[in-house]
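Engineer: One structure follows; several queries about it will come next.
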Amino acid sequence: MFFAVVEKVYIFLQGLEEERILQGYRAHPAKKVVIIRNSQVFDYNRKVEEVINGLISGIKDKLKYVVSEMEEVYVNFFDFTEAFKGIYEVLKRERERGNEVIVNITGGTRLVASAALVASFLTGSKPIYVSADEYTRMEVIAKKAGRVYEIPVIPLGKRSKIGIKILRTLYKDLNGFSPSLEELARALGEDVPLDKRANRAKYAKILAKVGYHVKLLNDQGLVETWYESRRQCVKLTASGLFIASSPDVFPLPGEENLRKRGKKTGKKTRVVKPLALAPEPV
């Protein structure tokens, strides 16, 4: 049996930062680095570009012995659509190669950082932000890097009813973790036979259904799965926790209409209440 080797790609936006870029790399070391550069240079910021070029050279020198490949991609830092398209193509390409992609949105303009964030969501890449613990001149440039924040990836698009139900069940009833598909199925209300040997077909059918939807959630980055003693464990990711704990933002299919009907008629309508904030999964 052969297993595909997943490579990690670290992507960052050019800017007036060095330490926070390096701090992000230390948290997510990768063999390949992609630098998103600004294709538009105006007369008023040529001196700034010279400083940035010097910083980029410094970052390259510090990473050249640990990185096997470096690539520079130029996009317009002042045009959201153009920046998004350029960054999206890079992220999509690396994701299609099966690589794990980390996007540090600390640098760049706010506009290009926003474009990189949306592109990350759409491609299933992992955006991060590195705070500053100490600033230098004018409280603009970080002298010392701080915490690396991982931003939950929110898949844009429709989610199945059972998919959201699994996320909510993990969050509300299982504290974010299930040691097996069997326990998850029971928490979902499935009639799982206590003696699987007595009703092997029914047992297999229920677990196959739950396993299928867990796989879809795993592909979206909403849960993590692994095996322990031949049992498939399921754990909420930060993204899955975000969705499961935000029922007003991510309602089950049909809940939106249910709420609307209740408001219009004034009648009492059964609506799923927002879930209480549970502790993060261990």
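The values are calculated or read from the model by the stated rules, or taken from the named source; none is laboratory data. For clarity, every value in this text was computed on a predicted model and none was experimentally measured. Here the Cβ positions follow ideal geometry from the backbone for every residue, glycine too, while neighbour counts run over all protein chains shown.
Engineer: Taking the criterion of being in contact with an Asp or Glu (Cβ under 9 Å, 6 or more places away or on another chain), small (Gly, Ala, Ser) and under 16 Å from Lys126 (Cβ atoms), would at least one residue in the range 56-69 satisfy it?
Structural biologist: Within the range 56-69 (the criterion being in contact with an Asp or Glu (Cβ under 9 Å, 6 or more places away or on another chain), small (Gly, Ala, Ser) and under 16 Å from Lys126 (Cβ atoms)), the answer is no, since none of the residues qualifies.
Listed here are the residues, each with its yes/no results for (1) in a helix (DSSP H, G or I); (2) in contact with a strand residue (DSSP E or B) (Cβ under 7 Å, 6 or more places away or on another chain).
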| residue | (1), (2) |
| --- | --- |
| Ile35 | no, yes |
| Val51 | yes, no |
| Ile56 | yes, yes |
| Ile59 | yes, no |
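Engineer: Considering only residues that are surrounded by fewer than 13 Cβ atoms within 10 Å (Cβ to Cβ) and within 19 Å of Val118 (Cβ to Cβ), look in the range 56-100 and name the one that is modelled with the highest pLDDT.
Structural biologist: Residue satisfying both the conditions and the ranking: Glu96.
Engineer: Going by the conditions given, is Glu71 of a type outside the set (Phe, Trp, Tyr), outside any loop (DSSP other than H, G, I, E, B) and within 26 Å of the chain's Cα centre (by Cα)? Outline the logic, then answer.
Structural biologist: On the way: of a type outside the set (Phe, Trp, Tyr): yes; outside any loop (DSSP other than H, G, I, E, B): yes; within 26 Å of the chain's Cα centre (by Cα): yes.
Yes, satisfied.
Engineer: Among all residue pairs at least 6 apart or on different chains, which show Cβ distances below 8 Å where the first residue, located in the range 71-92, is under 11 Å from Ser120 (Cα atoms) and the second is assigned to a helix (DSSP H, G or I) and of a type in the set (S, T, N, Q)?
Structural biologist: Close Cβ pairs (under 8 Å, with a partner that is assigned to a helix (DSSP H, G or I) and of a type in the set (S, T, N, Q)) amount to Tyr88/Thr123; Leu91/Ser120; Leu91/Thr123; Lys92/Thr123.
Engineer: Find all pairs meeting these conditions: Cβ atoms under 7 angstrom apart; at least six residues apart or on different chains; first residue within the range 192-212 and modelled with pLDDT of 90 or more; second residue in a helix (DSSP H, G or I).
Structural biologist: Ile206/Ala185; Leu207/Leu181; Leu207/Glu182; Leu207/Ala185; Val210/Leu181; Val210/Leu184; Val210/Ala185; Gly211/Leu181
Engineer: Hey, another quick one. Name the pairs whose Cβ atoms lie under 6 Å apart, with the first residue in the range 170-189 and on the phi > 0 side of the Ramachandran plot, the second buried (at least 21 other Cβ atoms within 10 Å of the Cβ) and of a type outside the set (Gly, Ala, Ser), and 6 or more positions between them or separate chains?
Structural biologist: Gly176/Leu170; Gly176/Leu236
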